[in-house]
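Colleague: One structure coming up, written as structure tokens, with questions to follow.
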Amino acid sequence: MHDFYMIVSSTDSVEYFEQNRPGNFRVKLKKPIQLQHGSWCVGLCEINGTSWNVEPNDTVYILSDLSNGILVPSNKEGVLRALIIETPTNVYNEYGHRIYIPIQTHFIDMIEFSLKVNGFDTELTGKTGVKKLKPSTWFLLHFKRTV
């Protein structure tokens, strides 16, 4: 296996992680991933967010624990991407140019994400009182072997 794609969502794994929110969530993989033969990295291909509580020109930082196995919101090492919000009602971006971060582990059974707004201290939240769309976030990730 040289590369593969994976979709993860803040609505996945709520049976395991009841505290999951659009700006901070964990996903327990249905089948653990065993990355073999060399070094691996991950890049963000697409992001979709509905009913985020953000304003135009806010910057959202997308962090993951894949880079070093722990999620430290102030640690810029885990940043998959920074996204400047244009239309806050429904955020969608597809990245032709991907930024890849190295993965430090070869066994992945859970992935954690944190989205921070305008810095690393404020967590992204979902709008309350929205009846049509439940606040959520999903990503399309690309895993590839580097060596």
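Each reported figure results from applying straightforward, stated rules to the coordinates on display, with no laboratory input. Source: prediction; values computed, not measured. Counting neighbours? That spans all protein chains shown, and the Cβs are built from the backbone with ideal geometry, glycine included.
Colleague: May I ask you to list the residues in segment 1-22 that are among the β-branched types (V, I, T) and either farther than 28 Å from K144 by Cα or assigned to a strand (DSSP E or B) (or both)? Give the steps one after another, and end with the answer.
Modeller: First, pick out the residues of segment 1-22 that are among the β-branched types (V, I, T): 7-8, 11, 14.
The answer is I7, V8.
Colleague: Among the residues of segment 15-53, how many are of a type outside the set (F, W, Y), at negative phi and exposed (fewer than 14 other Cβ atoms within 10 Å of the Cβ)? Show your work before the answer.
Modeller: Of all residues in segment 15-53, those of a type outside the set (F, W, Y) come to 15, 18-24, 26-39, 41-51, 53.
Cutting the leftovers down to at negative phi gives us 15, 18-24, 26-36, 39, 41-50, 53.
If we keep only those that are exposed (fewer than 14 other Cβ atoms within 10 Å of the Cβ) too, we end up with 15, 18-19, 28, 30-32, 34, 36, 39.
Total meeting the criteria: 10.
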